[in-house]
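Data first, discussion second: the structure below is written as structure tokens.
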Ligand SMILES: Nc1ncnc2c1ncn2[C@@H]1O[C@H](COP(=O)(O)OP(=O)(O)OP(=O)(O)O)[C@@H](O)[C@H]1O
Ligand SMILES: [Mg+2]
């Protein structure tokens, strides 16, 4: 149960061409996430979502401001899921699961198997990534990220490379896993419908990396995309975004 504090965070990148303008990826944002919540970061392409996750994970550094990610006052353990599963092709599914773990005890193997089972991949332990579909590989990546029991799980558009039906089924798997484990999750997506189905809260970023809106979603989990309450809320929030007035960034 992690606590994330982002304060006055800004990130500038150098001009992409000589004599051009600096790129404002993130402009002075503040927010806090505390506890076992599923939070989505939503916004159009280029509005700083991945940059924000990179800073939270320590891969990148802020230009100004700060981020802290703690668990009971200590630095939190992080897990990641990316757009692609990033499995090692020469290792079996189980070896890929074990690769991120500290020990190879029977208990540890049983734990990895438990998470594979939760995403419906009991039969794949000895298979290699090349023998799995893209959706199955992504399920391994998600099971692996949950299996290390991180305090905070960072997910960057994990379903965006998948076809619509596979993405829908993986959302159900993700909700199942999350309902059982209740990790703190920061989930980046540009898909508003996906965010409404999965999240307790949606932080909306606008171009220039500013917070445009911060919305609480108070519906029980897991949620079915076909549930009329979910569908109504999705339509309502999507409607708001279609009328999005983008704030000017100086
Ligand atoms: N390493 C980098 N060097 C220079 N500019 C960068 C770098 N990383 C990101 N940017 C710029 O910062 C801005 C935000 O990029 P970012 O990747 O965070 O957007 P995003 O919201 O994740 O977009 P997408 O939805 O397309 O993944 C963009 O204008 C991008 O060109
Ligand atoms: Mg991105």
Helix axis angle, 106-118 relative to the chain longest principal axis, alpha carbon, degrees: 60
Dimensions in Å of the chain - Rg and Dmax from alpha carbons: 18.6, 59
How large is the Kirkwood hydrodynamic radius of the range 12-55, in angstrom, based on all distinct alpha carbon pairs? 12.6
Pick from 206, 164, 25 the residue whose mean-square fluctuation is largest in a GNM of the chain, springs joining Cα atoms under 10 Å. 164
Nearest-0.05 FRET efficiency for residue 36 and residue 241 at R0 = 41 Å, using Cβ-Cβ distance, is 0.95
For the residue pair residue 107 and residue 219, what label-to-label distance in nm results when each label sits 7 Å from Cα along the Cα-to-beta-carbon direction? 4.0
So the FRET efficiency between residue 17 and residue 163, C-beta based with R0 = 25 Å and rounded to 0.05, is 0.10
Log entry: pair-distance distribution for the range 89-149, C-alpha pairs binned every 5 Å from zero, whole % per bin is 4, 22, 36, 26, 11, 2
For the pair residue 181 and residue 59, how long in nm is the line joining their label points, each one 7 Å along Cα→Cβ? 1.8
For a quick check, take a GNM of the chain with Cα springs below 10 Å and name the residue from 74, 114, 18 with the largest mean-square fluctuation. 18
Fewest Cβ neighbours within 10 Å first, please rank 84, 163 accordingly. 163, 84
In percent, what relative contact order does the range 89-149 have, based on Cα pairs under 8 Å that are 6 or more apart in sequence? 47
How far is helix 164-181 tilted off the main Cα axis of the chain, in degrees rounded to 10, range 0 to 90? 80
Can you give the convex hull volume per residue for the Cα atoms of the range 146-230, as a whole number of Å³? 114
Please identify, among 42, 93, 23, the residue showing maximal mean-square fluctuation in a Gaussian network model of the chain using a 10 angstrom Cα cutoff. 23
Separation in nanometres of the label points that stand 7 Å from Cα toward Cβ, at residue 128 and residue 149: 3.3
Counting only DSSP beta bridges with both partners in the chain, the antiparallel fraction in percent, to the nearest 5, comes to 55
Measuring from the longest principal axis of the C-alpha atoms of the chain, the long axis of helix 134-147 (C-alpha) lies at a number of degrees, nearest 10, equal to 90
By DSSP, what percent of the beta bridges with both residues in the range 126-250 are antiparallel, rounded to the nearest 5? 55
Stokes-Einstein D for the range 90-238, Kirkwood Rh over Cα pairs, 10 °C, 1.306 mPa s (µm²/s): 96
In what order do 11, 49 fall by count of nearby beta-carbon atoms within 10 Å, going from fewest to most? 11, 49
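Only the coordinates and a few stated rules stand behind these numbers; no lab work does. Quick caveat, the model's predicted, so the values are computed rather than measured. FYI the Cβ positions are ideal-geometry reconstructions off the backbone, even for glycines, and counts take in every protein chain you see.
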